[in-house]
Each structure stands twice: as C-alpha cells, then as structure tokens.
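What follows draws every value from the coordinates through simple rules; no lab data is involved. If you're wondering where the values come from, they're calculated on a predicted model, not measured in any experiment. Note that each Cβ is placed from the backbone with ideal geometry, even for glycine, and that neighbours are counted across all protein chains shown.
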Amino acid sequence: MAACRVENAKMVSAVEEIASIAGDLNSAGSEFIKAFNSAIADMQGASKDALSEFIQTKVQKFVEEDIGTAVKGMSDLLEGNRSNFEQVDQQLASSISGG
C-alpha cells in the first residue's frame, strides 16, 4: 500500500484559495458577459439577434455560474477528503490511547 500523508494546514489553505477562485471566476464571467453585450450593443440585424440569443442561452450561464460551480465542487471535494483524514487520524489516536 502506498504511503498516505496529509498536511492539514496546507489543505485548509488550498480549499480556501480554490473556493475564492471559484467566486472570482463567477465575477469574471459576469464581467465577460457585460463587456460582450456592450461590444455588440450597436450592432443591428439578424446576426446580432442570433449572437445575442446564443450568448444568453448557451454561454452566459456557463461562464457566470457553471465554471465557478465546478471549481467550487473541487474545493468541496478536497475539504471532504481533508476532513475525513482528520477524523480517521483522530479515531486511530483515540483507539491507540484507549480513549
């Protein structure tokens, strides 16, 4: 069996940083949509309508929510693993010490 070692403080820090990045991605996605809409605001015609609809129905939710949600999910997964290691370590210590 391979050795397993968890550096709790580093994992806590990584979880927090990844969660922060997820929020930053959501904000950046909103800024992207705002900038894109501004860029096409003066366009006219069917191509603008199609482009606008595409952005609203296919791209907006993806860049404003889905990417950040996926990254946040990785943060949550890492935190779950960290927490499990911490609990198992404590259970082993309690078993060893008879407590």
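Computed values, structure above
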read-out	value
Set GLN90, GLN60: member being under 26 Å from the mean Cα position of the chain (by Cα) and surrounded by 10 or more Cβ atoms within 10 Å (Cβ to Cβ)	GLN60
Qualifying positions in segment 5-50 - farther than 30 Å from SER75 by Cβ and of a type in the set (Lys, Arg)	LYS48
Some residue of segment 55-69 being farther than 30 Å from GLU86 by Cα and touching a Ser or Thr at 6+ places or on another chain (Cβ under 6 Å)	yes
Within segment 47-57, tally of residues that are exposed (fewer than 15 other Cβ atoms within 10 Å of the Cβ) and among the hydroxyl-bearing types (Ser, Thr, Tyr)	2
Cross-chain or 6+ apart pairs with Cβ under 6 Å, segment 68-84 first and over 18 Å from LEU25 (Cα atoms) and touching a residue at least 24 places away in the same chain (Cβ under 8 Å), then in a helix (DSSP H, G or I) and basic (Lys, Arg)	none
Odd one out for CYS4, checked against (1) touching a Cys at 6+ places or on another chain (Cβ under 9 Å); (2) loosely packed, with under 10 Cβ neighbours inside 10 Å	(1)
